1. Counting only residues 5 or more places away or on other chains, whose amide H sits under 5 Å from the amide H of Ile247 once H atoms are built in the peptide plane?
2. Give the long-range amide H neighbours of Glu35: residues separated by 5 or more places, or on another chain, with amide H under 5 Å away, using H modelled in the peptide plane at 1.01 Å from N.
3. Karplus couplings for segment 309-324 from phi (6.51 cos²θ - 1.76 cosθ + 1.60, θ = phi - 60°), rounded to Hz, Gly and Pro as x?
4. Within segment 215-310, what whole-number % of the accessible surface is contributed by carbon and sulfur, with the 1.4 Å probe and all protein chains included in the calculation?
5. Each residue of segment 101-118 in turn: what ³J(HN,Hα) in whole Hz from Karplus with 6.51, -1.76, 1.60 and θ = phi - 60°, glycine and Pro shown as x?
6. Taking only protein heavy atoms into account and a 1.4 Å probe, give the accessible area per residue of segment 312-408 in Å².
7. Using modelled amide H (1.01 Å from N, peptide plane; none on Pro or chain starts), what sits under 5 Å from the amide H of Ser427, excluding residues fewer than 5 places away?
8. Could you give each residue of segment 76-82 its phi-based ³J(HN,Hα) in whole Hz, using Karplus coefficients 6.51, -1.76, 1.60 with θ = phi - 60°, and x for Gly or Pro?
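The values are calculated or read from the model by the stated rules, or taken from the named source; none is laboratory data. This is a predicted model, so every value here is computed, not measured. Calculation scope for accessible area: heavy atoms of the full protein, side chains included, ligands and nucleic acids excluded. Shrake-Rupley method; radii C 1.70, N 1.55, O 1.52, S 1.80 Å.
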Amino acid sequence: MSTIDRISVRGFKSIAKSENIHIENTITTLVGPNEAGKTSFLEALEFSSHRDELKSVNVCDYEECPDLDNNPVIEVEISGVDINNTDSSLELGDISNKNKEITISLKKNKNGGYSVESSDIERELERYKSTRPDRYNSVMTQVNSTIENIKNNISNTNEDIENFEELNEKMDEIARRTELGGRRGYRQQDITYIKRQIEELRSMIQLENTTPTMRRQLFKLNQVEEETESLRPVAEMFADSFLNLTIQKDFNIIKNERSLDSISYDNKSEPYSNLLSYIGESPSGIKDMETRKRRKVVDEKMEKFSNLFCDVWDQGPVKFDVDLVNNKISILVVDESGKEQYIEQRSQGFRYFLTFFIRLLANSGDGALSNQMILLDDPGLHLHPDRKSDLLDAMENLAENNQIIYTTHSPYMIDSSHLERIRVVNSKDNHQGTKISSDFSKIGEDGDSLKPVRDSLGATMSTSMITSGRSILVEGYTDRLYLSKMIDVIEFDDKEVSIANHSFLDMGGEGKWRKYASFLQSEGYKYALLLDGDRAKEDFENKVEDTNCISQEQTVFVDEVIETADGDVEIEDLLGEEMISIIISDIYDVDESDFEIGNEDSQTMIDQAKGVVGSEYPDKDDTLVDKSEVAERFTELEKEKITERCKENFSNLFSRIEESVSE
């Protein structure tokens, strides 16, 4: 397996000139504040894998940026290169060490071209370059002869050829250009032009491929294309063979179903488009396919898909099936008990990884999951910490046969057992651009080797809702989801409340408030503490007198916001019965009007919902009434679906929090 060992970037967006960044052969993690250049680094890598020119908008204008006319934009060192696995048209002669894996350095220039260096095959590369003019003349002669042969065959056939005149004109143009190219010698622009003309000729012949003669000409044209491929620059061939990169960002999480008519084929951000791409059919193709044939094709593909998925997802065996009914496509999940579910009945973490996995398979071409460089921009951004852990486990399994580089703002996405994988990304002072540090592990002046990592994560805390100058300590991840969602829903008057400028620190449990409050106090932040009105309140009142890091005035309890009888009160109770009913009915796909929560003041809303599911829907799995799942479904709701009671409760809560922060 070939691996990318080192990457150097110059003049790309905010990256003026990076050092040689060492890339792990499994997983490399980029951490750093927003706008530091993490995504730019991934995009530079993506730029290296195709032959587009560098757009002017992506050119760095910092003072340290080198002259890109004389320096490559990106340089990639790749080891473990098996010369026998390159493009079949790459013939480097009798290479003495061709059975030995070699190391190459690929350079991508701003004009879209490549160059390659390798001390292992230096003489062979030079020989390939020096013999190219002779090979060029030979290929031009062969192409001209084949095109003339195709033209004669078409002219002499008795078959009805509809676009006869256009075919002749196209072949005359190819013959003219190959003859001209043969006279004036090797020019890359001639090869590019001829290849484009051949591709157009292929399309025209394919329109007529119902006739035996035209099918034979298509076969000959394939041979012509292979001949022209042999003239490509050797660096380009290496790039195609060993820069197998796929970037994953900005994709929509998969839903229960989509109309086939609404799916645009080859839309990389659309999950069902990617699923059809993996299956190997267009939306119209699978729609028009005979039923038994379609079932056979789908079953074979989804069996392989299920096996590949279970190789990397450790959270229990599952199988997948695709359903096509009434011009709609949906993906179904069958768990180990044999129970079949629509995809939206699974957790958000599962759906996120499935969407990513479908896209990865669609991009892999042959449906294999090996020898790829996978680029992930802030994966699992909105997932629960436990589900981020599941995602990390799955990525670890993928990295057994692939390399992964991902950016993150979340401490939960850092594997503490592999800190050597971290690269710290920061924006340098004086407009000098992005700095990427591979070696943060040297002990600093204060003896703290991990300080650069913590500083980098700390610089992103406000945008990641971890901390900011005015911070709210909350018990867990779901509290943060509710508060963040309702800040977007409620229209605030900034003169009355500035809660939208606060950030929320998920403590990972109600019992950790003293540690976090002490940290915020030592850093000089303004802060308040939000706790449920249950055992957390009792625990706080027993301990607050023994600490000076927080006071009663800085603390808000949920039961202070809503009127309730004795009993536990949780943040979910602020949603109200109607809002909870909407969410639970969505989880179980039942009519909202059929799902009613009673008025048991001694029970929390979640406990009441579980009771209704258990009594009214005994065939349903009440474990799906999970706080994390309810919160994640809530965040996906449109603003118009949020009830007035829910808005009023959270408005009161935000006002109370604002008062406490100001204490």
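1. Placed amide hydrogens put Leu375 under 5 Å from Ile247.
2. HN-HN under 5 Å from Glu35: empty list.
3. 4, 5, 5, 10, 9, 8, 8, x, x, 9, 10, 10, 9, 10, 10, 10
4. Answer for segment 215-310: carbon and sulfur cover 45 percent of the accessible area.
5. Listing the rounded values in order: 5, 10, 10, 10, 10, 9, 10, 10, 9, 5, 7, x, x, 10, 9, 9, 9, 6 Hz.
6. Values: 3410 Å² over 97 residues.
Each residue of segment 312-408 exposes 35 Å² on average to a 1.4 Å probe.
7. Lys435
8. 10, 9, 10, 10, x, 6, 8
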